[in-house]
Each structure stands twice: as C-alpha cells, then as structure tokens.
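The values are calculated or read from the model by the stated rules, or taken from the named source; none is laboratory data. These numbers come from a predicted model, not from an experiment. Using ideal geometry, Cβ is built from the backbone for each residue, glycine included, and neighbour counts are taken over all protein chains shown. Each accessible area value is taken on the protein alone, full model and side chains, heavy atoms only, with ligands, DNA and RNA left out. Shrake-Rupley method; radii C 1.70, N 1.55, O 1.52, S 1.80 Å.
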Amino acid sequence: MRKLSIALFVLLAFTLAAAQQDKSKRPSPPGTAEVTLSGKKITVDYSRPKIADPKTGTPRKIFGGLVPYGQVWRTGANDATSLKTDADLDIGGTKVPAGSYTVFTLPSESGWKLIINKQTGEWGTKYDEKQDFARIPMKAEKTSKTVDPFTISFDKKSETEAALHLAWENTDASVSVRLKK
C-alpha cells in the first residue's frame, strides 16, 4: 500500500510539473497580438513555430509542405490559437459577436480562409468543423523577405479598423477587422 501511495504521489508531482511547464521554453514559444479599437481590446494568443525543424535544424518548406494546401491548419503550434474580442466585430464582412473563439485557417495557393470556431480551450489539432462560426476569405500575398518565426499581428488603420496579418515563410495572409456598426 505504501509503494502504491508513493507511486501515486510521484505521478501527481510529475503531472503538476508538466502542467506548470514554462511555455516560453517550447520550440514554438507563445505569442500575442493585440489591438485596441475605440477602447475595446482584441487579442490573439498563439504559438510561433519556426521554419527550421526543431529536432534537426533543417529548413522546411512551409506552405504547400509542412502546412498542406487545401487542409485546415491549426494556425501556429501547440495549444489552439485563440481570439478574444471585447466588442462585436466585422471581420472581412462577417459579423462576429464579442466573445472567445478558436482560429484555424484553410490555406490554398489561390487564397486563404480564416476559420472562426466556437469551440475553445482545445489543443491545436482538435478541430471540429461542426463548431465553425464562420469561414472568411483572406487576401494572401508573397512577402518581400522571409518571415520567421510564424507571426500574427494587427496593423491599425484607424480608431475603428485594423488589418489582421498571419505571416510565415514567404506568405502574408490578411483580413480587415472593424468594430461592428
């Protein structure tokens, strides 16, 4: 009985230690993109993978390779990418109510789709299409220089509008984000 108690204690301690893992030490550390529009905050939390394979250091082909065209991508690494908005938004012409969501993308050579999913808190590979709130077209362009690691950012255009950018390797996919009128 004593050995079982010790084994359970060790297992519990190991589990708690793993849960407290410093996410900044992961091969794909966390990142945050934020913008404030008319006093309302919009936040995207994600992980930032690199072009180089974390185990071998070998550069990888990202879009059309590691991230296949025509398949839903977790949009980062590790935990699912999250979107939290304090305001009702218009994202690329789609009305998105204030709240918390998960972000996935559907990359293709001809254009991308931003997927706003209602399920939250899951690991990045746990995608349930039935939970999709919207699939929003994005504009995808080639970058003039390589972007590494994967980066999500906002480009504030005015007090009520910004552009959301997803950039990695030689691609920048973007969509407008406006406060809903």
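Restricting attention to segment 24-72, the residues that are among the basic types (K, R) and either touching an Asp or Glu at 6+ places or on another chain (Cβ under 8 Å) or modelled with pLDDT of 95 or more (or both) add up to 6.
If you go through segment 121-157 and pick out every residue that is closer than 17 Å to G93 by Cβ and part of a loop (DSSP other than H, G, I, E, B), you end up with 1. So, of the residues in segment 147-164 that are open to solvent by less than 40 Å² (accessible area, probe 1.4 Å) and more than 15 Å from the chain's Cα centre (by Cα), which turns out to be farthest from S110 (Cα to Cα)? The residue in question is A162. Of all the listed residues (S100, S110, S144), the sole one being modelled with pLDDT under 95 and open to solvent by 50 Å² or more (accessible area, probe 1.4 Å) is S110. Cβ separations smaller than 6 Å between residues 6+ apart or across chains give the following pairs from segment 66-91 residues that are touching a residue at least 12 places away in the same chain (Cβ under 8 Å) to residues that are open to solvent by less than 60 Å² (accessible area, probe 1.4 Å) and among the acidic types (D, E): A80/E122. In summary, V175 fulfils each of the numbered conditions (1) at pLDDT below 95; (2) crowded, with 19+ Cβ neighbours inside 10 Å; (3) over 21 Å from P49 (Cα atoms) with the single exception of condition (1). Considering only residues in segment 78-97 that are closer than 17 Å to A173 by Cβ and of a type in the set (S, T, N, Q), the one that is least open to solvent (accessible area, probe 1.4 Å) turns out to be T81.
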